[in-house]
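Coordinate-derived values only; no laboratory data. Note that the structure is a prediction, hence the values are computed from the model and not measured. We place every Cβ from the backbone using ideal geometry, glycine too, and count neighbours over all the protein chains shown.
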């Protein structure tokens with residue numbers, strides 16, 4: 001079943017009726033945005049609305065699911081329609097499962113991310129590992145979720161990149177606050193250099209000097 005073909009066919013039928021998406025939405029008791037998603041192939045109408053659309057446009061359900069008008073009468077049309085309706089219903093169930101999975105991934109990723117900051121101290125490398133893993137899982141769930149909203153692949157990639165950028169910014173700012181305000185070592189340093197009575201923690205934007213680690217004289221400051 002080609003959702004984009006179905007969407008294009010629904011758009012053609014609406015234009016033949018010379019009505020707007022908002023007007024059709026009012027007739028079917030849905031929003032104009034929902035109609036727009038049908039016509040772009042992002043979402044499909046549920047079975048009850050499929051019947052209403054077929055009646056409104058005076059086409060068969062089979063024609064809507066195929067995304068085109070039939071030029072000649074088909075044999076066993078009733079049987080074919082029943083099979084296609086079953087496939088359509090199965091596709092709806094699959095879409096709902098994907099929505100549940102995407103939400104579960106986002107919640108699970110956020111939980112791992114929060115626990116990484118709450119459970120592991122900044123000195124532990126496990127905090128950065130769990131933080132990165134949680135961010136990755138959350139981003140994967142976010143990408144699956146927006147597939148139901150954005151039809152164009154380029155926009156999904158752009159939004160996912162923004163999500164990754166937001167997480168990176170969160171990690172960077174939280175590290176800087178921890179160092180500058182709470183005198184803790186950065187959690188997301190990519191390199192450590194050990195010297196006499198000091199450890200250098202290098203991040204992408206600054207270097208943190210940890211003097212006399214593990215002693216009463218320990219101090220942490222950003223290298224200027």
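Things to note:
- Dividing the Cα radius of gyration of the chain by its Kirkwood radius returns 1.26 for Rg/Rh.
- Share of Cα-Cα pairs in the stretch 99-181 lying beyond 16 Å, as whole percent: 55
- Our summary of shape: the Cα atoms of the stretch 3-74 have principal axis extents of 34, 22, 21 Å, ordered from largest down, in whole angstrom.
- Extension gain, residue 51-residue 216: 0.36 nm per intervening residue step, less the Cα-Cα distance, totals 51.8 nm.
- Length gained on full extension, residue 103 to residue 157: 17.6 nm, using 0.36 nm per residue less the C-alpha separation.
- Between the Cα long axis of helix 47-57 and the first principal axis of the chain there is an angle of about 50°, rounded to the nearest 10.
- For the chain, the longest principal axis of the alpha carbon atoms and the long axis of helix 3-17 meet at an angle near 50°.
- Pairwise centroid distance, computed over Cα atoms, of the stretch 1-64 with the stretch 160-224, Å: 55
- Residue-span extension gain [residue 22 to residue 197] - 0.36 nm each, minus C-alpha spacing: 56.0 nm
- Taking label points 7 Å from Cα along the Cα-to-Cβ direction, residue 164 and residue 118 give a separation of 2.8 nm.
- C-alpha long axis of helix 77-119 to longest principal axis of the chain, angle in °: 10
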